[in-house]
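Enquirer: Please read through the structure below; I'll follow up with questions.
The values are calculated or read from the model by the stated rules, or taken from the named source; none is laboratory data. This one's a predicted model, so the numbers in the text were calculated from it and none came from an experiment. Neighbour counts run over all protein chains shown; Cβ positions are idealised from the backbone, glycine included. Note: accessible area is taken over every heavy atom of the protein model, side chains too, but ligands, DNA and RNA are not part of it. Shrake-Rupley method; radii C 1.70, N 1.55, O 1.52, S 1.80 Å.
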Amino acid sequence: MLRKILLTLATALAAVHVHAAPYPERPITLVNPYAAGGPADVVARGLARGLEQRLGQPVVVESKVGGGASIGTGFVARAKPDGYTLLLGTSAGHVVTPLMRKTSYDGVKDFAFCSVVAVQPIMLAVNPTRGITTLAQLIERAKAEPGKLSYGSAGVGGATHLGAELFQQAAHIQLNHIPYAGAAPAINDAVGGQIDLVMLNLSASLAFIRQGRLLPLGYAAAQRSPLLPDVPTLDEAGVHGAQFATWYSLAAPAGTPPAIVQRLSDTVRDVNKDPDYRRLMRDQAIEPMALSPQDAQAYVEKDRAEMRTLLDRLGLAGQ
């Protein structure tokens, strides 16, 4: 009997020890729902380095692309809620794709948002061999040949797609949409001449713009980018009401212990204080953020409400 009591006590103590084990005890996977090499990948890898330096465990970035970011987003939604499988979330995976079509997950209810970590406006750029040097020339060409000029996005339903759709509506033109599984392949085809232009996050196109392989025409933000101060905003170039940006979140599956969610949120805030991390983000025209779990939840819910209105207006909701 004594032996049985001791065994039971030992088992209970082991359970308490496991429950109280510090987080993290092993490597963490950070899922990027876009192709490697694009702006989401830059954010994911920069954030992963900062997290692992502070958490004391490797943070491995794993790309799971496709489906308007729904494949990678859905993968994390189904993962064990223990803090070891995280998502670099975007409006596409959390908000837009679920509003446009049925997905296997709810982009808000199936996640615990640790933080919104960054936001980045979009740049419209054209292949320089097309003979278009200003936004006015692009609009004139598009009106003369509706649907002939092609543009690449980082996927159906993403910020780059919706930003381009909003731009077309504001400019009263029609372009031919070519969706890709991320910004990197879209850029490659724009530089190679397979498509005419791209409307992507500036970090995706900045190197090619500086090399003269892409020509920037307009920035979809309230102010010009300090990295390209000679490029006008869309408003300055005469196209109003087409400001658009991508946001990135750090999200865990719903049911992840609140203490882990808060630990990750606090760590993001610490990462944002790192001069090297801030320099990396600045060089890619990415604005770092560090929202609390509560503020991140509210941010995503607000974006969903606004996106539902926008998609209805563009005729894209529920397709």
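Enquirer: Can you find even one residue in region 213-227 that is of a type in the set (Lys, Arg) and not in a loop (DSSP other than H, G, I, E, B)?
Expert: Start the filter on region 213-227 by keeping residues that are of a type in the set (Lys, Arg), which leaves 213, 224.
Filter once more, keeping what is not in a loop (DSSP other than H, G, I, E, B): none.
Checking region 213-227: not a single residue is of a type in the set (Lys, Arg) and not in a loop (DSSP other than H, G, I, E, B).
Enquirer: Determine which single condition Gly238 fails, assuming it passes every other condition in (1) crowded, with 16+ Cβ neighbours inside 10 Å; (2) in contact (Cβ under 8 Å) with a residue 60 or more places away in the chain.
Expert: Here Gly238 clears every test but (1).
Enquirer: Hey, Asp312 hits all of (1) open to solvent by less than 70 Å² (accessible area, probe 1.4 Å); (2) under 26 Å from Glu165 (Cβ atoms); (3) out of contact with any Lys or Arg (no Cβ under 9 Å at 6 or more places or on another chain) but one; which does it fall short on?
Expert: (1)
Enquirer: OK, next. How many residues, within region 213-222, are at pLDDT 90 or above and either in the same structural domain as Asp283 (by the TED database) or open to solvent by 50 Å² or more (accessible area, probe 1.4 Å) (or both)?
Expert: Here the count works out to 2.
Enquirer: Kindly indicate whether any position in region 124-137 is β-branched (Val, Ile, Thr), within 23 Å of Ala36 (Cα to Cα) and not assigned by the TED database to the domain that holds Ala40. Spell out the reasoning first.
Expert: In the first step, residues of region 124-137 are kept if they are β-branched (Val, Ile, Thr); the result is 126, 129, 132-134.
The next check asks that each one be within 23 Å of Ala36 (Cα to Cα); those that pass are 126.
Filter once more, keeping what is not assigned by the TED database to the domain that holds Ala40: 126.
Yes, some residue in region 124-137 is β-branched (Val, Ile, Thr), within 23 Å of Ala36 (Cα to Cα) and not assigned by the TED database to the domain that holds Ala40.
Enquirer: For region 270-297, name all the residues that are at pLDDT 90 or above, within 17 Å of the chain's Cα centre (by Cα) and among the small types (Gly, Ala, Ser).
Expert: Ala290, Ala296
Enquirer: How about region 86-110: which of its residues are out of contact with any helix residue (DSSP H, G or I) (no Cβ under 6 Å at 6 or more places or on another chain) and of a type in the set (S, T, N, Q)?
Expert: Thr90
Enquirer: What single numbered condition from (1) more than 30 Å from Pro24 (Cα to Cα); (2) outside the structural domain of Asn127 (by the TED database); (3) small (Gly, Ala, Ser); (4) not in a loop (DSSP other than H, G, I, E, B) fails to hold for Ala285?
Expert: (4)
Enquirer: Then there is this: What number of residues in region 47-96 are open to solvent by less than 10 Å² (accessible area, probe 1.4 Å), free of Cβ contacts under 8 Å to residues at least 60 places away in the same chain and closer than 16 Å to Thr267 by Cβ?
Expert: Matching residues across region 47-96 total 1.
Enquirer: Would you call Ala252 open to solvent by 20 Å² or more (accessible area, probe 1.4 Å) and either outside any helix (DSSP H, G or I) or without any contact (Cβ under 8 Å) to a residue 12 or more places away in the chain (or both)?
Expert: Working: open to solvent by 20 Å² or more (accessible area, probe 1.4 Å): no; either outside any helix (DSSP H, G or I) or without any contact (Cβ under 8 Å) to a residue 12 or more places away in the chain (or both): yes.
Against the criterion (open to solvent by 20 Å² or more (accessible area, probe 1.4 Å) and either outside any helix (DSSP H, G or I) or without any contact (Cβ under 8 Å) to a residue 12 or more places away in the chain (or both)), Ala252 does not qualify.
Enquirer: Using beta carbons and a limit of 6 Å, which pairs, at least six apart or on different chains, have the first residue in region 101-120 and under 14 Å from Pro258 (Cα atoms) and the second one hydrophobic (A, V, I, L, M, F, W, C) and open to solvent by 20 Å² or more (accessible area, probe 1.4 Å)?
Expert: Here the result reads Phe111/Ala254; Ala112/Ala254; Ser115/Ala290; Ser115/Leu291, each pair linking region 101-120 to a residue that is hydrophobic (A, V, I, L, M, F, W, C) and open to solvent by 20 Å² or more (accessible area, probe 1.4 Å).
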